[in-house]
Amino acid sequence: MQTRRMSERELLDSLEIALQDSHIYPCFQPQFNHSTGRMVGAEALMRWKDPENGMQYPSDFIPLLERNDLLYLADVHIFKMVCVFLRKCLDQGLPLMPISVNMSRYDIYKHEYVDEIEALRIKYDIPVKYLRIEVTESSAIGGMELMKDVISRLHKHGYLVEMDDFGSGYSSLNILKDLNVDIIKLDMKFLCGEVGDRGGIILNSVVQMARWLGTPVITEGVETMEQADFMKSLGCNYIQGYLYSKPLEEPAFIEKIGQIEHEAMTPAMEFINTVDAGKFWDPASMETLIFSNLVGAAAIFTYKDSGEMEVVRVNKKYLREIGMNMTEQETIAIKPWDHFRDDGLKIFTNTIRRAIASGEEESCETWRDICSKSCGDAQICLLTELRVIGTAGNQHLIYAMVHNITKEKELYNEVFNSDRRFRYASEQAKIYAWEYTISTKQMRPCFRCMRDLNLPPLIYNYPEPLIENGVFPPDYADMYREMMRKIDAGVPHIEAIIPLTVGRIPFHVRYTTEFDENGHPLKAYGSATLVVDEQQQTKAATGRRVLYRHPRIRKR
Ligand code: C2E
Ligand code: CA
Ligand code: CA
């Protein structure tokens, strides 16, 4: 059939017949959960196929009907045809899914609209859960009170109400707070700029706010996998757009619902009384102020009993604590639980389960492999304190305070490893060995030193504690301090015979200094061998000597 764009006059003249003979009818565009690939519903979109002139564009006839106060008739007609469709599904045992029907802002002024659609629903005996009503932000321009009244009447009958084209208007956030809508629809085309830039960040906060309010979000106009994945990374899984499906004529839609599994949208999150959901995302609220400024590094994420987790929000201090120079968005997008090392994930989820069971704060230490654009790969160890702040069905909202304890852990491991290294080396060579870090004046003794001289694994402010406890006899203290000063100043090598311990056993003490690429001294490696041993080296090996045991050096 030839398609010809009809003039406004022609359209208006043929409206009555078009409604009567259903030249005006709904197409169905399926909505999907991008995480599961299942269908969650569909939107009914008005089409006008004229028998002589072919398909007419909604962008031409909808504003025209609107201007002439006739859109109302077409909307009720579409609602009726959706009821007819659902009745057919019920009668033929076809899979059912909620269908969203568009309501024009002019319908709001027609007080009969709600009564009329409700009468149709009852006439066709359709359970109300299969019908949703889409309203637009611009509807509120005519008056918030009118809009509130319509929504509350729809709610009274049990309809879910969706806010269409959210973010296109000027007062989106206020509308969201004031109007009691059940589902938010975002349109990709209202995102100025490319995925990931400022538009993305605004979107991110809108999505998060919606989630915090417990309102599911559907994104429409999703055409690419990149867009869908990006929305998913924000925790927004419901997608409507050409990527999954164009609007389909009824037979094609029936075929589709027969092929694809479907599921219900997840229920909104209920909050336990500790947090006021509405205030949390209000940038001016005390809750936001507290989350951003008064608490330490914190993240909020959801946890399902099945083990699925999603980060909802992190604060600035969290980003700083992780120390990888990432944005909030990047942090949310990397899905921290994909990066646990060893059995970190198991430890973490066990801790969450304990927190759910106890209702108390529970903590754990886990290592993560993190990769950021600016800092590359790093392994960090986080101490996380977890607390449940909300629960809905099998989903929990968890508040996590984190502390980056990587440095402490590394120090511990280093001590542990160097102890092991020295232990093997000294047992082999029958020498006492230690490592002295020039910048920090820390000394790490070998296992033999620790065993024979009863030293702790790390000694601060070396050599003072060893002078204090008599390993270095008092009359040699100044000489030894002088030797250390020379090492601090950068001599590459130094040695001396020094009597050690109260037994004044002579040792040959040697130091070799290690320098950085600029020639600054870093570390000095010390060793001590018994002078008698040296003298007897060519003779038979001596028996093992046990030095006088010293009292423990107190730890710092
Ligand atoms: P809308 O309610 O925002 O509907 C979404 C529009 O986006 C539809 O255009 C749909 O076909 C289109 N769309 C879906 N996926 C994609 C995609 O991936 N990329 C792009 N670029 N577009 C996509 P359509 O069907 O032309 O409808 C246009 C508008 O007309 C609708 O926007 C809605 O405002 C209005 N409309 C449609 N049906 C009805 C109706 O029954 N009643 C009323 N009052 N208005 C309707
Ligand atoms: Ca719509
Ligand atoms: Ca829309």
Would you mind stating whether residue 489 is touching a residue at least 60 places away in the same chain (Cβ under 8 Å), of a type outside the set (D, E, K, R) and closer than 15 Å to residue 437 by Cα? no
For region 313-334, give me each residue that is surrounded by fewer than 20 Cβ atoms within 10 Å (Cβ to Cβ) and more than 20 Å from residue 383 (Cβ to Cβ). 325, 327, 328, 329, 330, 333
Give me a count of the residues in region 14-26 that are surrounded by fewer than 19 Cβ atoms within 10 Å (Cβ to Cβ) and within 26 Å of residue 219 (Cβ to Cβ). 0
Restricting to region 122-152, name every residue that is at pLDDT 95 or above, more than 16 Å from ligand 1 (Cβ to nearest atom) and surrounded by 14 or more Cβ atoms within 10 Å (Cβ to Cβ). 124, 126, 128, 130
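Here's a check for you: in region 1-39, which residue that is of a type in the set (Val, Ile, Thr) and modelled with pLDDT under 95 is farthest from residue 239 (Cα to Cα)?
In the first step, residues of region 1-39 are kept if they are of a type in the set (Val, Ile, Thr); the result is 3, 17, 24, 36.
Among the residues that remain, those that are also modelled with pLDDT under 95 are: 3, 36.
Numbers: 3: 31, 36: 11 Å.
Per the criteria, the residue is 3.
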What number of residues within region 46-57 are within 16 Å of ligand 2 (Cβ to nearest atom) and either surrounded by fewer than 14 Cβ atoms within 10 Å (Cβ to Cβ) or among the hydroxyl-bearing types (Ser, Thr, Tyr) (or both)? 1
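From the list 101, 76, which one is of a type outside the set (Gly, Ala, Ser), within 40 Å of the chain's Cα centre (by Cα) and within 16 Å of ligand 1 (Cβ to nearest atom)?
Values: 76 fails: within 40 Å of the chain's Cα centre (by Cα).
Within the list 101, 76, the selection yields 101.
Pick from region 96-147 the residues that are among the basic types (Lys, Arg) and away from ligand 2 (no atom under 16 Å from the Cβ): which of them is farthest from residue 164 (Cα to Cα)?
Of everything passing the filter in region 96-147, 123 is farthest from residue 164 (Cα to Cα).
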Any residue at all in region 74-90 that's without any contact (Cβ under 8 Å) to a residue 60 or more places away in the chain, buried (at least 22 other Cβ atoms within 10 Å of the Cβ), closer than 15 Å to residue 16 by Cβ and in contact with a strand residue (DSSP E or B) (Cβ under 7 Å, 6 or more places away or on another chain)? no
Tell me, yes or no, whether region 206-219 has at least one residue that is in a helix (DSSP H, G or I), modelled with pLDDT under 65 and either of a type in the set (Asp, Glu) or within 21 Å of residue 140 (Cβ to Cβ) (or both). yes
State the number of residues belonging to region 47-92 that are assigned to a helix (DSSP H, G or I), of a type in the set (Lys, Arg) and closer than 21 Å to residue 124 by Cβ. 3
Answer with yes or no whether residue 477 is modelled with pLDDT of 90 or more, small (Gly, Ala, Ser) and over 51 Å from the mean Cα position of the chain (by Cα). yes
Only one of (1) closer than 14 Å to residue 250 by Cβ; (2) not in a strand (DSSP E or B) is not met by residue 44, so which one is it? (2)
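Conditions tested, residue by residue: (1) among the small types (Gly, Ala, Ser); (2) within 16 Å of ligand 1 (Cβ to nearest atom); (3) within 24 Å of residue 185 (Cα to Cα).
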{"site": "4", "(1), (2), (3)": "no, no, no"}
{"site": "13", "(1), (2), (3)": "no, no, no"}
{"site": "22", "(1), (2), (3)": "yes, yes, no"}
{"site": "25", "(1), (2), (3)": "no, yes, yes"}
{"site": "29", "(1), (2), (3)": "no, yes, yes"}
{"site": "36", "(1), (2), (3)": "no, no, yes"}
{"site": "59", "(1), (2), (3)": "yes, yes, yes"}
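The values are calculated or read from the model by the stated rules, or taken from the named source; none is laboratory data. The model shown is predicted, which means the values in this text are computed figures rather than measured ones. Don't worry about glycine lacking a Cβ; one is built from the backbone with ideal geometry, like all the others, and counts go over all protein chains shown.
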